[in-house]
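The values are calculated or read from the model by the stated rules, or taken from the named source; none is laboratory data. As the structure is a prediction and not an experimental result, all values here were calculated from the model. No Cβ is skipped: glycine too gets one built from the backbone with ideal geometry, and neighbour counts run over all protein chains shown. Surface areas here come from the heavy atoms of the whole protein model, side chains and all, with no ligands, DNA or RNA. Shrake-Rupley method; radii C 1.70, N 1.55, O 1.52, S 1.80 Å.
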Amino acid sequence: MKQLTCLLVAALTLVGCGNMRRGHVETVGPEDIEYNVDRFYDLAILRYRVPDFENLSTQQKALIYYLSEAALWGRDILYDQNGRYNLRVRRTCEALYNQYEGDRESEQFQLFEKYLKRVWFSNGIHHHYAEDKFLPECTEQWFRTACEQSGVALTDELVRVLFDPTVLPKKVCQDAGKDLLQASACNYYEGLTQREAEDWYEQHKDTSDEPRWIGLNSKLVKRDGQVVERVYRTEGDGLYREALQHVVENLEKALQYAETDEQRLVLQKLIAFNRTGDLTTFNEYAIAWVRDLNSRVDFVNGFTEVYGDPLGITGAWESMVNFRDEVATDRTRTLSANAQWFEDNSPTDKKYKKKECRGVTAKVITAAMLGGDCYPATPIGINLPNANWIRKNYGSKSVTIANLTEAYYLASQGDGMNEEFYLSDEERRLAKEYGALMSDVHVDLHECLGHGSGQLMPGVTKDNLREHGSTLEEARADLFSLYYMADPKLVELGIVPDEEAYKTQYYHQLLNGAMTQLVRVELGKNIEESHMRDRALIARWVLAHVDSVRPEAEIIVRDGKHYLRVNDYQGVRRLFGQLLAIVQEVVSTGDYARACQLVEDYAVQVDPALHKELLDRYQPLGIAPYKGFVNPVYQPVFDADGKIKDVLIRYDEGYAEQHLRYSRDYSALPDIND
Ligand code: ZN
């Protein structure tokens, strides 16, 4: 599953600067890389670096190269899964884009170009997030004429697909009362009613202990009154065989460079699955994948997440090639190894502490290639496989992707947030010097130690706090982290460089929780999302409990604008410690009444005047709410025997350039796939 745990939400809901992690303490992006690549509509395109790629072995580089090729060959599959006409729309628009000889600076052409960029971003004609069809802003007349003049074939049907808002209005419809298949434009079913599809799945259900995920890799089609399953595979008349053949070809090349026997087995099973579409083989592949823990290079490749299917059964094609970030993974190991020390020294009551505390070691990875449903928009965490019985019997892999969050962080530098909302150059200096590192450290402390700390009293479960459970749990983990990031122990362990570094994260957390996160809330609304409530609770509780004579931190007004001033960072730490003790007690005892009080007093309400001021200050900055990436370019260098002797990496490809190249070099499917 896309990691929708606290970590992912924390990072994806970030505005400006904040909860982003970087893989390496010592790395700062090379000056010559442009991190902000493109900007259109509500979308921003960023570039990510692949730190340490140069230091991998030739074998590992070659493996990544062929896995990346396999990742790119799946791109067309996702377009077709997202909608029957998507490939035709993309190809028609690309042909016009390439062949147009009129004025490319004209308003109409620019509007058309923006539309095409969005089609690339969404892998189709529907908004990648909102699911609604977006329309070109250029006129239909201009588009028809431009195609005609450029020798691009166009049908009336295709014009309606592009310009008629009533045709295919929604990719995935979840409206109760509607036939979800008829109302959704995605291409997992053809000619069936929802009832017919559900009946088919019911009839073919695997009720064994180790069930096959029936429907994961197929489309249901009605032919001559019969429901037919069209399986995605290379054999026979398999659907998407033209693309999957190239995927398999590159997986076979990758196999020659596998690092370990475990990884070899993963690749063999995946190749076999792509050929036959056999779901027992898929299970064997998923188990082999979970067991492959020692290979440094790892990957996801295939039909994975089911959010794009209104019935939640068929997997959208995706790929992510990656390798372990050793430095960041070591940091989480160090924290885990010292988990008991942190538990014993926390400011919580002794009876709520764990006697035996084991930390969690988070695996941190570096993404090397994004494909299919991971591109251009991408998750920053992965938690797979999705089959519950495999997770239960064999475990799962959960990773965070450090270089993507690094890219978010670097791109956010200079977006104007800190300039507008930070009090002075001193806070901005701290952010510049320590901001990226400390947001990593915060995530590590929160994930590796915070959630695992403390214990519940006998008879108490997580459910005692009901709707406030996750807010309080997130607050507990955040406070554990905040309390400890200022501890000299972290300098001693080598996690932070000095006793000043934590200050920037304190400043950010208080400012974000008390004010800046409100820019994500609509005017007139309250705070609803549990991570946002957790942050509001912490910041506002602290600000409400400062010393009345010498406040440790305060909100001040300057030139009619509100700012945060921190006067005593160690004093703020003491307040975090006090609140941690309170929240731990509420959670440990399952004290619902007190949880309600904390949440209602500090975490929900919004001051409308302050809210409006913040929005008025934020909107002119023009920060894009959605972000996606361009991939690096890998260039293999071969020796005389055709073996790879090196792989070079480049970071200079533009957004349109990259998509046009992918469409030219990695496109094997017909326009319409029946
Ligand atoms: Zn959390």
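Kindly indicate which of Phe134, Phe121 is touching a Ser or Thr at 6+ places or on another chain (Cβ under 8 Å) and closer than 22 Å to Arg75 by Cα. Steps first, please.
Details: Phe121 fails: touching a Ser or Thr at 6+ places or on another chain (Cβ under 8 Å).
Only one candidate passes the filter, namely Phe134.
Restricted to the range 129-156, and to residues that are out of contact with any Pro (no Cβ under 9 Å at 6 or more places or on another chain) and charged (D, E, K, R), which residue is most open to solvent (accessible area, probe 1.4 Å)?
Restricting to residues being out of contact with any Pro (no Cβ under 9 Å at 6 or more places or on another chain) and charged (D, E, K, R), the top hit is Glu148.
If we keep just the residues of the range 481-501 that are part of a helix (DSSP H, G or I) and open to solvent by 10 Å² or more (accessible area, probe 1.4 Å), which is farthest from Ala553 (Cα to Cα)?
Within the range 481-501, the subset part of a helix (DSSP H, G or I) is 481-485, 488-492.
Now restrict to residues that are open to solvent by 10 Å² or more (accessible area, probe 1.4 Å): 483, 488-489, 491-492.
Details: Tyr483: 16, Pro488: 22, Lys489: 24, Val491: 24, Glu492: 27 Å.
If we take residues in the range 481-501 being part of a helix (DSSP H, G or I) and open to solvent by 10 Å² or more (accessible area, probe 1.4 Å), then Glu492 is farthest from Ala553 (Cα to Cα).
Of the conditions (1) under 18 Å from Ser319 (Cβ atoms); (2) touching a helix residue (DSSP H, G or I) at 6+ places or on another chain (Cβ under 9 Å); (3) open to solvent by 20 Å² or more (accessible area, probe 1.4 Å), Arg241 satisfies every one except a single condition; which number is it?
Here Arg241 clears every test but (2).
Restricting attention to helices (runs of 4 or more DSSP H) lying wholly within the range 386-472, give those where 1 or more residues are in contact with a Phe, Trp or Tyr (Cβ under 9 Å, 6 or more places away or on another chain) and away from the ligand (no atom under 16 Å from the Cβ).
402-412, 417-421, 425-444
Which of the residues spanning the range 460-480 are polar (S, T, N, Q) and surrounded by fewer than 24 Cβ atoms within 10 Å (Cβ to Cβ)?
Selection gives Thr461, Asn464, Ser470.
So Ile214 clears everything in (1) open to solvent by 20 Å² or more (accessible area, probe 1.4 Å); (2) out of contact with any His (no Cβ under 7 Å at 6 or more places or on another chain); (3) at pLDDT 95 or above except one condition, right? Which one?
Ile214 satisfies every listed condition except (2).
Kindly indicate whether any position in the range 77-99 is out of contact with any Pro (no Cβ under 9 Å at 6 or more places or on another chain), in a loop (DSSP other than H, G, I, E, B) and surrounded by fewer than 22 Cβ atoms within 10 Å (Cβ to Cβ).
Yes, the conditions are met somewhere in the range 77-99.
Tell me which residues, restricted to the range 217-229, are free of Cβ contacts under 8 Å to residues at least 40 places away in the same chain and buried (at least 22 other Cβ atoms within 10 Å of the Cβ).
The one that is free of Cβ contacts under 8 Å to residues at least 40 places away in the same chain and buried (at least 22 other Cβ atoms within 10 Å of the Cβ): Leu220.
Quick check: is even one residue across the range 526-536 more than 16 Å from the ligand (Cβ to nearest atom), out of contact with any helix residue (DSSP H, G or I) (no Cβ under 8 Å at 6 or more places or on another chain), among the polar types (S, T, N, Q) and farther than 28 Å from Ala624 by Cβ? Even if it seems obvious, please write down each step before you answer.
Taking the range 526-536 first, the residues more than 16 Å from the ligand (Cβ to nearest atom) are 526-528.
Imposing the further condition that a residue be out of contact with any helix residue (DSSP H, G or I) (no Cβ under 8 Å at 6 or more places or on another chain) reduces the set to 526, 528.
If we keep only those that are among the polar types (S, T, N, Q) as well, we get 526.
Then keep just the ones that are farther than 28 Å from Ala624 by Cβ; that gives none.
Looking for residues that are more than 16 Å from the ligand (Cβ to nearest atom), out of contact with any helix residue (DSSP H, G or I) (no Cβ under 8 Å at 6 or more places or on another chain), among the polar types (S, T, N, Q) and farther than 28 Å from Ala624 by Cβ, one finds none in the range 526-536, hence no.
With the checklist (1) touching a Leu at 6+ places or on another chain (Cβ under 9 Å); (2) closer than 22 Å to Tyr189 by Cβ; (3) open to solvent by less than 10 Å² (accessible area, probe 1.4 Å) in hand, flag the one item Val306 doesn't pass.
(3)
Considering only residues of the range 601-627 that are modelled with pLDDT under 95 and touching a Phe, Trp or Tyr at 6+ places or on another chain (Cβ under 7 Å), which is surrounded by the fewest Cβ atoms within 10 Å (Cβ to Cβ)?
Among residues in the range 601-627 that are modelled with pLDDT under 95 and touching a Phe, Trp or Tyr at 6+ places or on another chain (Cβ under 7 Å), the one surrounded by the fewest Cβ atoms within 10 Å (Cβ to Cβ) is Tyr626.
Filter the range 349-380 down to the residues that are out of contact with any Phe, Trp or Tyr (no Cβ under 9 Å at 6 or more places or on another chain) and hydroxyl-bearing (Ser, Thr, Tyr), then identify the one that is least open to solvent (accessible area, probe 1.4 Å).
Here the answer is Tyr352.
Return the residues of the range 628-673 that are touching a strand residue (DSSP E or B) at 6+ places or on another chain (Cβ under 8 Å) and open to solvent by 60 Å² or more (accessible area, probe 1.4 Å); say none if nothing qualifies.
Within the range 628-673, Gln635, Phe638, Lys645, Leu648, Arg650, Asp652 meet the criteria.
Residues Tyr257, Tyr232: which one is open to solvent by less than 10 Å² (accessible area, probe 1.4 Å), of a type in the set (Ser, Thr, Tyr) and over 22 Å from Asn383 (Cα atoms)? Steps first, answer last, please.
On the way: Tyr257 fails: open to solvent by less than 10 Å² (accessible area, probe 1.4 Å).
When all the criteria are applied, what remains is Tyr232.
Is it the case, given these coordinates, that Tyr257 is at pLDDT 95 or above, under 30 Å from Glu198 (Cα atoms) and aromatic (Phe, Trp, Tyr)?
Details: at pLDDT 95 or above: yes; under 30 Å from Glu198 (Cα atoms): no; aromatic (Phe, Trp, Tyr): yes.
No: the conditions fail for Tyr257.
Would you mind finding the one in Val119, Val159 that is out of contact with any Leu (no Cβ under 9 Å at 6 or more places or on another chain), surrounded by 21 or more Cβ atoms within 10 Å (Cβ to Cβ) and of a type outside the set (Gly, Ala, Ser)? Write out each step before concluding.
Working: Val159 fails: surrounded by 21 or more Cβ atoms within 10 Å (Cβ to Cβ).
Unique residue meeting the criteria: Val119.
Quick check on this structure: which one of Met457, Met515 is open to solvent by less than 20 Å² (accessible area, probe 1.4 Å) and over 21 Å from Tyr434 (Cα atoms)?
Met515
Here are Arg574, Arg550: which of them is open to solvent by 70 Å² or more (accessible area, probe 1.4 Å), under 30 Å from Met457 (Cβ atoms) and among the charged types (D, E, K, R)?
Numbers: Arg550 fails: under 30 Å from Met457 (Cβ atoms).
Selected residue: Arg574, the only one of Arg574, Arg550 that is open to solvent by 70 Å² or more (accessible area, probe 1.4 Å), under 30 Å from Met457 (Cβ atoms) and among the charged types (D, E, K, R).
Given Arg333, Arg291, Arg296, which one is within 19 Å of Thr400 (Cα to Cα) and free of Cβ contacts under 8 Å to residues at least 40 places away in the same chain? Full working, then the answer.
Details: Arg291 fails: free of Cβ contacts under 8 Å to residues at least 40 places away in the same chain; Arg296 fails: free of Cβ contacts under 8 Å to residues at least 40 places away in the same chain.
None of the others qualify; the one that does is Arg333.
Pick out, from the range 107-205, the helices (runs of 4 or more DSSP H) lying fully within it that include 1 or more residues that are in contact with a strand residue (DSSP E or B) (Cβ under 7 Å, 6 or more places away or on another chain). Spell out the reasoning first.
Details: elements: 107-122, 140-149, 156-163, 180-183, 194-203.
The helices (runs of 4 or more DSSP H) meeting that bar are 107-122, 180-183, 194-203.
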